[in-house]
Amino acid sequence: MDVRDKRRIITMVIIAGLICIAMVVMKAQAAELRCDNNALIAKNEALKGEVATLHIKIRTENNIEHIENMAKNKLGMVYPTQDDCIYLKDSDAPGSNFASVIKHSVYN
């Protein structure tokens, strides 16, 4: 074997070594990215559960019965009676109890 062949062999070995090192580094980066991705997927699933819980809470809090209960029990509110309503003109007064009309429109 002459010097040229030895140089080629050494060059090929060095290139093969560099390729192997590059492959190991790339595999390590891929494993790190997979780990980060799995952590993000787990966090995303937890957030999805939290969002679903919040949607249920919103639906519960926006329920008309719940709002009415809070108004009555916590704030002491009651539906007005016919005597509690004041109209600017007699023609503005509804034919029936205005509170009943409102209550009827809310529940139907």
Enumeration of residues in segment 59-83 that are of a type in the set (A, V, I, L, M) and exposed (fewer than 11 other Cβ atoms within 10 Å of the Cβ): 64, 75, 78
Some residue of segment 46-54 being open to solvent by 80 Å² or more (accessible area, probe 1.4 Å), assigned to a helix (DSSP H, G or I), at pLDDT 90 or above and under 30 Å from residue 106 (Cα atoms): yes
Residue check for residue 17: open to solvent by less than 100 Å² (accessible area, probe 1.4 Å) and not in a helix (DSSP H, G or I): no
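Residues in segment 76-87: is at least one of a type in the set (Asp, Glu) and over 17 Å from the mean Cα position of the chain (by Cα)? Spell out how you get there, then give the answer.
Filtering segment 76-87 for residues of a type in the set (Asp, Glu) gives 83-84.
Then keep just the ones that are over 17 Å from the mean Cα position of the chain (by Cα); that gives 83-84.
Yes - at least one qualifying residue is present in segment 76-87.
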Meets criteria (free of Cβ contacts under 8 Å to residues at least 12 places away in the same chain and within 28 Å of the chain's Cα centre (by Cα)) for residue 52: yes
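The values are calculated or read from the model by the stated rules, or taken from the named source; none is laboratory data. The structure displayed is predicted, hence computed values, not measured ones. Don't worry about glycine lacking a Cβ; one is built from the backbone with ideal geometry, like all the others, and counts go over all protein chains shown. Note: accessible area is taken over every heavy atom of the protein model, side chains too, but ligands, DNA and RNA are not part of it. Shrake-Rupley method; radii C 1.70, N 1.55, O 1.52, S 1.80 Å.
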